[in-house]
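The structure appears below as structure tokens.
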Amino acid sequence: MRILHVIFTLSSGGAERFVTDLTSELAEYKDCSVTLLMLKSDSIPENNFYRKELSPKVVVKSLGINKTTFRDLLKIYKAIKSEKPDIVHYHLAGMLNILLLTILLYRKPVYIETIHSDIKAIRGYNWKDRFIKNFCFRFHLVKVCTISNYNAQQFKKHYHRECDAMIYNARRAMKPSPLFETRRKEIECLKNHPDDLVFTHIGRCCVAKNQKMLTSAFNTFIQNGYHAILLIIGDGFNSTRGKELQDNACKNVHFIGEQHDIQDYLFNSDGFCLSSKFEGMPITLIEAFACGCIPISTPVSGAIDLIKNEDNGYLSKDYTKEEYLKALENFAQHHQQIDKNDLKESFHNQFSIESCASQYYTLYTNTLKTC
């Protein structure tokens with residue numbers, strides 16, 4: 001089976017993290033040939049954030065496209081056709097528009113889209129995007145895979161059909177890196193009190209991640225007398241928006257930039273802060289479960305599938321500072337009641353990359369049999 005995954009880059013995003021793990025796992029299947037097609041240039045360092053973590057069995061190709069002119073669409077069409085794939089599996093919002101010409105002209109492969117984000121959010125683009133999605137989804141020009149139960153329900157509501165599969169996102173099993181002890185000492189040095197709780201947030205600087213609300217809630221959390229620090233990991237905080245966030249954050253909030261081996265921070269943290277306004281199934285949340293790091297989350301898709309409030313984590317009632325602050329305080333007062341091993345067990349039972357790849361392999365083979 002010739003499998004072609006298509007993505008914009010291998011930058012430090014959740015979908016990119018997932019594709020790196022999934023393609024690497026599928027490449028281990030004896031009857032699978034896996035190619036990863038990056039549309040943008042692989043000569044730009046940030047586009048290759050996860051490149052070194054790919055299995056050497058995955059063939060990586062880059063088209064070096066920046067703007068998608070009609071000539072670029074033809075270039076993509078020719079590139080995909082030359083691969084002669086059985087499966088074209090693409091990722092991220094906006095990709096369908098770019099692949100539409102290929103999907104219409106080259107019907108031999110099965111096309112599969114994994115919807116990585118909140119469906120209400122990605123439908124909120126312009127009318128052309130909505131028309132293309134309605135056309136392709138309702139006429140089954142592509143197979144659709146959702147990544148959480150809530151995600152699947154949203155899909156049915158908006159497109160008036162069932163998704164073709166619901167497969168949870170997944171990660172490879174996580175273990176401390178060689179830098180674990182160094183990072184543990186660095187975190188200890190950031191504490192103001194020996195009993196400081198350590199919270200970690202992972203995400204690029206953007207409105208959707210709701211970091212303005214998070215830092216504001218954490219500021220008040222500290223003002224209310226709690227001992228804690230917050231580590232914010234991700235890129236983009238040198239932007240105007242990022243600098244504003246840093247200026248308004250209290251001294252207990254530490255912006256430590258983009259990092260590899262984020263498991264070292266999660267293993268050394270008491271809680272994981274997810275403050276997003278919308279998600280599909282956050283890879284960072286799955287990573288927190290894998291490391292036994294208790295989540296405190298807004299009620300986004302994925303989080304409401306995984307987190308049982310006060311049983312294996314904490315959910316705010318809505319996306320406001322006031323409700324998120326209540327969740328932080330609830331964590332501070334009761335988190336010792338949660339067994340972190342239960343989180344790790346949930347990860348191994350539901351979110352291992354081996355199980356995820358097996359489900360995608362079954363989707364691929366079953367779909368090819370019916371075509």
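What follows is calculated from the coordinates using simple rules that are stated; it is not laboratory data. Please read these numbers as outputs of a predicted model, since none were measured by experiment. Methodologically, a virtual Cβ is constructed for each residue, glycine included, from the backbone with ideal geometry; neighbour enumeration extends over all protein chains shown.
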- Item | Helix 353-370 vs. the chain, principal-axis angle (Cα, 0 to 90°, nearest 10) | 20 degrees
- So for the chain, using the alpha carbon gyration tensor with a ≥ b ≥ c as root eigenvalues (a/c under 1.5 gives rounded; past that, a/b versus b/c decides prolate or oblate), I'd call it prolate
- Message: Could you identify which residue out of Thr298, Thr284, Thr182 has the top mean-square fluctuation in a GNM of the chain using Cα springs shorter than 10 Å?
- Response: Thr182
- Query: What spacing in nm lies between the two simple spin-label points modelled at Asp342 and Glu244, each 7 Å away from Cα in the Cβ direction?
  - Reply: 4.0 nm
- Message: So if I take the centroid of the Cα atoms in region 203-235 and the same for region 75-148, what is the distance between those two points in Å?
- Response: 35 Å
- Message: From the helices alone, meaning DSSP H stretches of at least four residues, give me the mean residue ellipticity at 222 nm for the chain, per-run term -39500 (n - 2.57), in deg cm²/dmol to the nearest 500.
- Response: -12500 deg cm²/dmol
- Query: How much length is gained on full extension from His227 to Asp72, taking 0.36 nm per residue of separation minus their Cα-Cα distance?
  - Reply: 50.4 nm
- Task: Just report the Cα centroid separation between region 1-48 and region 238-271, whole Å.
- Result: 27 Å
- Rough spin-label spacing in nm, given labels placed 7 Å along Cα→Cβ, for Asn134 and Lys277: 2.4 nm
- Among Cys291, Cys250, Cys145, which one moves the most in a GNM of the chain with springs linking Cα atoms closer than 10 Å? Cys250
- Item | Residue with peak Gaussian network fluctuation, the chain [Cα springs, cutoff 10 Å], from Asp264, Asp247, Asp235 | Asp247
- Burial-style ranking of 184-190, 78-84, 23-29, average other-beta-carbon count within 10 Å with highest first, yields 23-29, 78-84, 184-190
- Relative contact order, percent, the chain [alpha-carbon distance under 8 Å, six or more residues apart]: 15 percent
- Message: Classify region 102-155 from the C-alpha gyration tensor, please: rounded if a/c falls under 1.5, else prolate or oblate depending on whether a/b exceeds b/c.
- Response: oblate
- What number comes out for the charge environment of Asn248, summing +1 per Lys or Arg and -1 per Asp or Glu over other residues with Cβ under 15 Å away? +3
- Rounded, prolate or oblate: which one fits region 180-350, using the alpha carbon gyration tensor with axes a ≥ b ≥ c (rounded when a/c is under 1.5, else prolate when a/b beats b/c, else oblate)? rounded
- Item | Distance (nanometres) between label positions extended 7 Å along Cα→Cβ at Lys308 and Arg2 | 4.8 nm
- For Asp318 and Leu190, calculate 0.36 nm times their separation in residues minus their Cα-Cα distance, and state this gained length in nm to one decimal. 43.0 nm
